[in-house]
Amino acid sequence: MLSTTDIPLSESALLVVDAQDSFKVDPKWERRNNRNFERNVGALIDAYRAAGRPVIFFLHTDGDPGFERDSVHLRLMDFITVRDGEPVILKDTRNTFTGTTLQAKLLALGVRRLAITGIQMEQCCETTARVAADLGYAVDFVIDGTMTFPIKNWDVPGEELGVAAVEERTIYALRRRFARIVRTETLVGELEALTEPALAV
């Protein structure tokens, strides 16, 4: 696995995975973790743009209410404004690679490192991180740039895994195996260093 110490941030792209209104159809939306999600992802989008690095958006489609291809909810959340040239890719799998043009786009852009944000932390975001690492990308998993919900135990009615446990499990599963776990503030600071003017000599 390539580490983020192997690939410079100047070869990175930001993936914004399934930050879409579809999730708001489900009552579980009120039980989400990370109330700073929109602010953090917005800051990362701004930082990647300022650094001249690609930003790629995804929308997840399936048969669940709000996720159908003809649903009015199948759209990016209001805090996101897509700029000309920034792809919005539809997907119907848990990761952003299978069945999409993502890898071809990354190859054309010379991207070898990915920052992953979006919904849900332990599903589409984590699965994307695992696939990306196996494909040879260095991965920054922005833990406070992702969001999740309690997970039902379908075999035990009334039992669920809380959001703190989901986050902890994701961190333990990904760290130093598939990704660097990083927070928004740290990654934004690193991106700002790419755009700082050179000192006069």
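Every read-out reported here was derived from the displayed coordinates using simple, explicitly stated rules and does not represent laboratory data. Being a predicted model, the structure only gives us computed values, none of them experimental. Here Cβ is always computed from backbone atoms with ideal geometry, including for glycine, and neighbour counts include all displayed protein chains.
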Check: What is the sum of charges around G63, taking Lys and Arg as +1, Asp and Glu as -1, for the other residues whose C-beta is under 12 Å from the C-beta of G63?
Finding: -4
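Magnitude of the Cβ-charge dipole of the chain, K/R +1 and D/E -1, about the Cα centre, nearest 20 debye?
Working: 24 positive and 30 negative charges, 78 e Å.
About 380 debye.
Can you give the relative contact order of the stretch 39-129 as a percent, counting alpha carbon pairs under 8 Å and 6+ residues apart?
Details: 79 pairs, mean separation 22.4, N = 91.
After rounding, I find 25 percent.
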Check: Which of Y137, Y172, Y48 moves most in a GNM of the chain, Cα contacts under 10 Å?
Finding: Y172
Notebook entry, point to check: Reachable lysines from K105, Cα under 19 Å, same-chain residues fewer than 8 places away excluded?
Noted result: K91
Item checked: Point-charge dipole on Cβ atoms (K/R +1, D/E -1) for the stretch 82-201, about Cα centre, debye to 20 -> 460
Checklist line | Under 16 Å from the Cα of K152 - lysines, other chains or at least 8 residues apart | finding: K28
Check: Between F79 and L107, what length in nm is gained on full extension when 0.36 nm per residue of separation is reduced by their alpha carbon distance?
Finding: 7.2 nm
Next item on the list: Under 1.5 on a/c is rounded, so check that first for the chain, then, if it is not, pick prolate when a/b is larger than b/c and oblate when it is not; a ≥ b ≥ c are the square roots of the alpha carbon gyration tensor eigenvalues.
Entry: prolate
Checklist line | Full-stretch length increase - Y172, A50 - with 0.36 nm per residue and alpha-carbon distance subtracted | finding: 40.8 nm
Check: DSSP beta bridges in the stretch 9-195, what fraction antiparallel, as a percent rounded to 5?
Finding: 10
Next item on the list: For the chain, with a Gaussian network of springs between Cα atoms less than 10 Å apart, report the residue from Q103, Q120, Q20 with the top mean-square fluctuation.
Entry: Q103
Notebook entry, point to check: When the helix-only estimate is applied to the chain (DSSP H runs of n ≥ 4, each -39,500 (n - 2.57), divided by the residue count), what is the mean residue ellipticity at 222 nm, nearest 500 deg cm²/dmol?
Noted result: -8500 deg cm²/dmol
Notebook entry, point to check: Can you work out ³J(HN,Hα) from phi for every residue in the stretch 100-116, in order, using Karplus 6.51 cos²θ - 1.76 cosθ + 1.60 and θ = phi - 60°, giving whole Hz and x for Gly and Pro?
Noted result: 10, 8, 4, 5, 5, 5, 5, 4, 5, 8, x, 8, 10, 9, 10, 9, 10
